[in-house]
Structures are given as C-alpha cells and as structure tokens.
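Notes follow the structure.
Derivation of every value follows stated rules applied to the coordinates shown; laboratory data play no part. The structure displayed is predicted, hence computed values, not measured ones. Using ideal geometry, Cβ is built from the backbone for each residue, glycine included, and neighbour counts are taken over all protein chains shown.
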Ligand code: OAD
C-alpha cells in the first residue's frame, strides 16, 4: 500500500513536470468522466448494461422492432443528462481546449453533451458516438436532422417518476431506467419536414461512426507527433475508440490513465510510458492538469 502511494506521488510529479513540455495532446473520454455528475456508466455492477441488454436498446434492429422502447430509453437518458451538471473533470478538459500554447483534441464516447456545456471548444471536440441532443429523420429520402434540447420530446415521452437529483447524489443512488408503457408511432418524435419517425442521433452497435469525425481525428494524428493521450473513465472495450491508445503509443506518445480501476502494474509505474491516476476523474484530472501548481 505504502509502495503504491509512493509510486502515485512519483507518477504525479513526473507527469506534471512532463506536461509542461507536451504540445500535442489527445483525450479519449468515456462514461466514467460523467459518473460524478450522477450519470450511470455502462459496464460493472452499477452499469446500464447490467439490467438491460444493449442489443434490445442500442441497435438499429431494436429500434426497428420496438421504437417506443428505444425512445423511452433515450428520452430517459436525455432527461437525466439535462438534470446533470458538468463536473470539474469536464471543466479541466474544456480549459485545456482553450490553452493556446498546445494543440489539443478530445475524442468522447459520451453522448451526454456535458463537455460542450462545460465550455469545451466545439472545433476540438469529437463526439464519435453522436449526441442525445441530435435527432435524425429515419426516412431514406429525407435528410432532416436537428439539435433539440426539449424535454420531454413528446407528451408520451415525459418521465413519470421524477427523481431528486441532489438527494440521490448524496446517497450515491443512481437514476434507473424503467420502461413503463407501449408507445405508438404517432406518440414518438416525428420529422417536422416529412412526418416520418425520427431517431436519436447516436451511434448504435453495428453502425459506423461519423466519417467526418474519424477524418478530423486522423488528420490530427497524422499531422505531427502526438505527445500524450489522456485516457479518462473508459473501459476501452469498444472499437474503434480503444484503438486510439495504441495508435498514440505507436506515434511515440505517452499514456495517462484516469480511472477508478487501474491495473496494478500501471499503478506501480511498471508499464513503459504509462501513468495511472486512480480515483474519480472529476478529482484527479483537474489536479493533474493544473499547470500553475507547485
Ligand atoms: P464503461 O461503462 O464501459 O466504462 C466506464 C469506465 O469508467 C470503467 O473503466 C470504470 O472503471 C470507469 N469509472 C467509473 N467511475 C469513474 C469515475 N468516477 N472516474 C473515473 N473513472 C470511472 O463506459 P465506456 O468506456 O464509456 O457505446 O463505454 C464505451 C461505450 O460502450 C459507450 O460509449 C457506449 C457503451 O456501450 C454505445 O452505446 C455505442
């Protein structure tokens, strides 16, 4: 234990010393960054995919079979995300995006919009799994898409069970999704242009990622050495997001992991060019990115 503690202090000092000279930085973000804002992660004992099968809620087939169920899931997630506030971790990344002395971009798998709300520069923010607040028409011939922050989206999608966010945060209770009703097509969001059913603008399992985002990220990775990737609150189980860590390593960059759960070898400083900061990313990230500290 003592050894781990010593190693963490050593890693922290080394990271901060190094960070001063690192000019091109990428952040890869997952659900753990929003955990302390009260949003549930996907995997693990408290994760969303513990009680629900992602095949039933987050695939094109699921939407085709039961759009009412899938819309209830996304309407609930929109509601919970709108109730949540960006935390100090989101703000630390937002601040880095405004640091003129570096080139920085964030690749986020999160669809909750919290990084944008924390003030992260939009041009440097790649939401590769889309956004809960974008809607797209499902008609093959209609190209309508819109940004939409209305809550509820339709009367039928209003949340029946209101939760007390402040109280729930105090007790550590996470919001739960419970599908309550069968919904008809006309009770769901319809395209204002052609009247066809709209869908959430997120990327589902089995779908390809937005090409423009992938291109933007590739351009950054190919236009010079990348010094560092910050890997924040992600289990790294979903491709291609998890591939970026290896790509940065191959480009000679270092890796800094911010997670509540980190492998012992990383914590002990035994993995080359890799730092590990164990704990809530909303605490460790602002601490580590603080450049004018001691
Ligand atoms: P996961 O739920 O797979 O992983 C969350 C990670 O965050 C885990 O490694 C936790 O240990 C860590 N964690 C939890 N709380 C934390 C905290 N307070 N501070 C730091 N770390 C914390 O979520 P993602 O990796 O984001 O995709 O999942 C990736 C993708 O799989 C998601 O975008 C989603 C999901 O299925 C789609 O829906 C397409």
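As a proxy for reagent exposure, ranking 273, 151 by other Cβ atoms within 10 Å from fewest up yields 273, 151. The calculated FRET efficiency for residue 143 paired with residue 212, based on their beta-carbon distance and R0 = 22 Å, is about 0.90. With respect to the chain, whose longest principal axis is taken over its alpha-carbon atoms, helix 88-97 is tilted by about 80°. Going by alpha carbons, how many degrees (0 to 90, nearest 10) lie between the helix axis of 211-222 and the longest principal axis of the chain? Once rounded, one gets 10 degrees. Relative protection proxy for 72-80, 96-104, from highest mean packing down: 72-80, 96-104 (other beta-carbon atoms within 10 angstrom). Pair-distance distribution of region 68-143: all C-alpha pairs, bin width 5 Å, starting at 0; shares per bin in whole percent are 3, 15, 21, 21, 16, 11, 7, 4, 2, 0. Put in line by how crowded their Cβ is, counting other Cβ atoms within 10 Å and starting with the fewest, 14, 287 read 14, 287. Taking 20 °C and 1.002 mPa s as conditions, region 166-294 diffuses translationally at an estimated 114 µm²/s according to Stokes-Einstein applied to its Kirkwood radius (Cα pairs). Here 90, 129 are placed in order of increasing Cβ neighbour count within 10 Å, fewest first, which gives 129, 90.
Taking the C-alpha atoms only, the angle from helix 2-19 to the longest principal axis of the chain is near 90 degrees. Round to a whole angstrom and tell me the spacing of the C-alpha centers of region 77-92 and region 1-68. Region 77-92 and region 1-68 have Cα centres separated by 14 Å. Cα extents for the chain along the principal axes, largest to smallest and rounded to whole angstrom: 59, 44, 30. With the convex hull drawn over the C-alpha atoms of region 49-182, the volume per residue is 140 Å³.
Mean residue ellipticity, 222 nm, helices only, the chain: the sum of -39500 (n - 2.57) across DSSP H runs of n ≥ 4, divided by residue count and rounded to 500, is -9500 deg cm²/dmol.
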